[in-house]
Structure formats: C-alpha cells, structure tokens
C-alpha cells in the first residue's frame, strides 16, 4: 500500500473519510467493480434484434393472457366449472399440502442442526459440522434438489417435499442458531447448577428463551415453502407449477394468467398470515 | 419474572373452581389455565393441519420405502464426479454470473425510483406512494423462475430472458428494503436542505442519499448474492446459464457430470456469498 502518503507526509487539505483502506484502494475498488460490470454486460452478448423480436412476441403473449380463464363460468345451471378450474384447485391443494408437510418435517430436522450450529452450546467439532450443513443446504436451490430428486424418485409431490425439507436447515437452522447464540447464559447456568443433564439444560434452560422465535421462524419458513412449492412443479416435483408450464407449452395463455393470479393471491395471503403471526408471538 | 408472581396471586385471590391452579395451589405454574388452553389448541390445530396435508398428498408408501435405496443408488451413480467434464461448464457458469450481475444492475436502476415512491416520508403524493407499494408487491410476489418462463416465451431461450427474469424479481426486493431504509432517515437533514431553497432533486441528492448510501450498497450486494443462486436455476426453463447444462446432463442421465455441475454451483454460490458477507461487514 502507498505508505508514503499515509505516514510520510501530512495531507494539507480535508478529504472525505472513506471506508476503504485509503483513497487509492477506494478508486481501485471502484475501477475494478466497473470493469467487472462492463465485462459482464459484454460477455452476456444480448443482441438488439432479440429485443425487437421480443416486443412482437410480448404483445401476442399478453394479448392471449387477457381475459384470464379460471375455468369458472355462469351457465344455464348456475356456476359451471370445467377441467381448468379443477386443475387449479388440485394443483393449489397439493401446493398447500406440500408446504405444510415440508415445514413440519423440515423444522423438526432443523432444530437439532440449529443446536449443533450454535457456537455457545455445541462443542467445537460439532459446531463446524452444523455450520457446514447450514452452508451446504443454503447453497443448493430447492429447484436443483427438486430436479435431481424427480429423476431419483419419479414425478410428484414426494420429490418436492423432500427438496423443501432439504432446503429448510439453510434458513431455519441458521437463524435459530443465531438466536441460540444470543440467549441469556445465566439461566442456562442456573439449570445446569441444579444437576440437570445436557438434555434437561436444553429443554428447561434454552428452549423457553427461544420458543417465541421458534414459532415465528416456523411460520416464516412455511411462507417461504409456500412460495417455493408453487414453482417446484416446473421441474415436475408436484404442485401448481406443473399446470403452469403445461399451459405455457400448449399456448393456453389465458389459463396461464389465471394460474399466475391464483399463485400471487396465495403467496400474498401466506405472507400476510406469516407477518401477522410473527407480530403476535414476538 | 414479575408477571408470574402476579398471575399466581390473582389466581389464588379469585379462586376459580375447576381451574388447575386451585387444585394444586402450592405448585408453581408457568401459565394460567386460559393461556395453556390456547397454546394447547394452537398446537392441536397445527398437528391436525399437518395430518390433513399429509393425507392430501397421497404419499405412495412404496416410494417412501424405496427412497433410501434410491438415494444411495443415485449417489453411487454420481460418484466419482466427472473431472474431465469440468472444462465444458466454465462458459455456462460465466453466463450464470453475467446474468446475476447484469440483472442486479438493471434491477437497481429500476428499483431506485420505485423505492423513492414507496417511502412514505419522501414520496411526492398519495398516488405515487400507492404506485410504489403496488410495484413492490407485484414484482416481489412472482418467483424468478416464473418470470423466466414468461421471458423465454417472449425473447426465446437464452441469457436475455434470464437477465430480465432476475431483474424483475429483484426490483421489489431492493425497492422494499431501500424504502424502509429511507423511512428511517433523520428528517431534520431533509428540512435543512429544503430550507436552503433546494428543489426536490437536490433534497434527494444531499438530504436522502448520504443517509442511505451504506444501506443501499449492502442491499445491492446482498441481492446480487441471492441472484447468483437464482441464476443457477432459471436455466432449467431455458433462460441461460448453468441450469441449461444441468438440465441437459440430467436428461442424458449423465450423473457423474451432474455431480460436477452441482459441485461447481456449490463453489460459485459459496464464494459469492462470502464476498457479499465480507462487503456488507466492511460497510457497516
């Protein structure tokens, strides 16, 4: 680094302080960042004619999307439903069921991992194993796990549920472990002083301190799982996503729009429920 | 634990017949009867919900029974990873990073005005506030893979569709966090700048921007790191990057190559996550 300016001579005019080591490092970082971005833009090689082509396609697509067709119509015998309605109904039911089952199983599996990944509770070697599990499950997107499992298990909700369960520790155990690290050590010591076994220390000293957070995180994870399970069907892992891809493949864009609106409605509802519950318990 | 004492004294004073506290008044009770009932009902409701959902899934038990065997089998076919194949995934991997970077840049540019409109304290009027909030909710509630499906139809398979999918998905995220940050700023600085006779743009540049700059960089870097992860999957529907290659290898049952790709994804995601965490620690 340029020690001459830093130590050898005094600066004669005020310069804005910087978070970087010094102003040279700052400029170099900015230059590097800009070069990196420009290289990315150049390397992506987006052709202008693609964009032009797209505008024609877009108008056809959005033209076909309206009005959305939910498969519900008012006929001679009152409200009539056709196969489209039932595809949305079945798909959404499966999506909901997947998200709930995956949350239950995923949370149960994540709790011991969270204990392992908490620095103040777990012994060193166990802590590293716990952190490794968290990092690994966080890095793998649930769709990637989903597509591999679909080939391994066959199409359907089971592959999707396992993919969601797999992805849960990366979120749940990580955040719970951070809360476990913040607990009050005195009450843990108090329980230990009574001669409690390590398990009793966990149940009576640690658990009461993180229980509200545990409930909040569970609901939060359900909300995320609901979002994820709407798209797992895209790779064949169950839920409404399968109906969405099929509708695009068969050019039924008005049906696609209906599915999209249903997904958005459920995702927003899930978010509202999760936000409300978390406000209540925390 | 003052509340516990209070609970105990009131329950002894009222002496409700049939409640748990009156039967065993000498024993310490953490919750009173009503809270316990509510907690029990909540737990019961959750269990019923899980049971019903499990039933709705119609899980095939023969699938579950053979699951461990299948997984072992799959892992056996994957190992060892095909090292010779790793040269072929360099280019799609670079495209994945390209998609994440360019998508994030576009998203930032589009999110800035949305965040400005969606922040209650600086937004010009009720209408712009509603529009800002609407854009945040609308773009956030659709997953990037769904955007990818749509943009692949519009622009054809390739990197462009991927970039736009990442862009649209990120607008709401960045704008939401940034507008929350803007709502937290010190109003007196805005007042001071306006008092000098500055126009709206000057107020933003000298009153708002310096206060949220650090948070803005943090949010952008954080979203970039999420986008690297998302960019690995949008290729599954043809929107460019490593996902396309992964999909091809899986369709070809080339499991050793699949493991190579999975390992490469793991490395790239962990490195970008590390970079992002480092940068965010630095600016805080």
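Every number in this text was worked out from the coordinates using simple rules, so none of it is lab data. The shown structure was predicted, so the numbers you read here are calculated from the model rather than taken from an experiment. FYI the Cβ positions are ideal-geometry reconstructions off the backbone, even for glycines, and counts take in every protein chain you see.
Per 5 Å bin, what is the whole-percent P(r) computed from every C-alpha pair distance within the stretch A:141-282?
Per 5 Å bin, starting at zero, the Cα-Cα P(r) for the stretch A:141-282 comes out as 2, 10, 14, 14, 15, 13, 10, 8, 6, 4, 2, 1, 1, 0 percent.
Give me the tail of P(r) for the stretch B:90-152 as a percent: Cα-Cα pairs with distance above 17 Å.
Summing the P(r) tail past 17 Å for the stretch B:90-152 gives 54 percent.
Using a 10 Å cut-off around each Cβ, can you sort B:251, A:247, B:144 from fewest to most neighbouring Cβ atoms?
Ordered by Cβ neighbours within 10 Å, fewest first: B:251, A:247, B:144.
Have a look at A:161, A:126, A:107 and tell me which one the Gaussian network model of chain A (Cα, springs below 10 Å) gives the largest fluctuation.
A:126
Rank these for me by crowding, B:78, B:117, going from fewest to most other beta carbons within 10 Å.
Sorted ascending by nearby Cβ count, the order is B:78, B:117.
How high is the relative contact order of the stretch B:87-181, in percent, counting Cα pairs under 8 Å that sit 6 or more residues apart?
With pairs under 8 Å counted, the relative contact order is 39 percent.
When a footprinting reagent is the concern and you count Cβ atoms within 10 Å, what order do A:74, B:154, B:99 take, fewest first?
So the residues, fewest neighbours to most, are A:74, B:154, B:99.
Among rounded, prolate and oblate, which fits chain A when a ≥ b ≥ c are the square roots of the eigenvalues of its C-alpha gyration tensor, a/c under 1.5 means rounded, and a/b larger than b/c means prolate?
Since a/c reaches 1.5 but b/c is at least a/b, the shape of chain A is classed as oblate.
Over chain A, what is the mean sequence separation of C-alpha contacts under 8 Å (at least six apart), divided by residue count, expressed as relative contact order in percent?
Dividing the mean separation by the residue count of chain A yields 23 percent.
Which values of log₁₀ I(q)/I(0), to two decimal places, follow from the Debye formula for the stretch B:84-283 at q = 0.17 Å⁻¹ with a uniform point scatterer at every Cα?
Log-scaled intensity ratios, in q order: -1.05.
For chain B, what's the relative contact order in percent, using C-alpha pairs closer than 8 Å and at least 6 residues apart?
Here the relative contact order equals 22 percent.
When the chain is fully extended, how far beyond the present Cα-Cα distance does residue A:53 get from residue A:194, taking 0.36 nm per residue of separation?
Between residue A:53 and residue A:194, full extension yields 43.3 nm more.
Can you give me the C-alpha center-to-center distance between the stretch A:214-282 and the stretch B:202-231, rounded to a whole angstrom?
When both Cα centres are located, 27 Å separates them.
Convex hull over the Cα atoms of the protein assembly as shown, averaged projected area in nm²?
Its Cα hull, projected and averaged over all orientations, spans 37.7 nm².
With the Cα gyration tensor of the stretch A:32-144 giving a ≥ b ≥ c as the square roots of its eigenvalues, does the rule (a/c under 1.5 for rounded; else a/b larger than b/c for prolate; else oblate) give rounded, prolate or oblate?
Oblate, since a/c reaches 1.5 and b/c is not below a/b.
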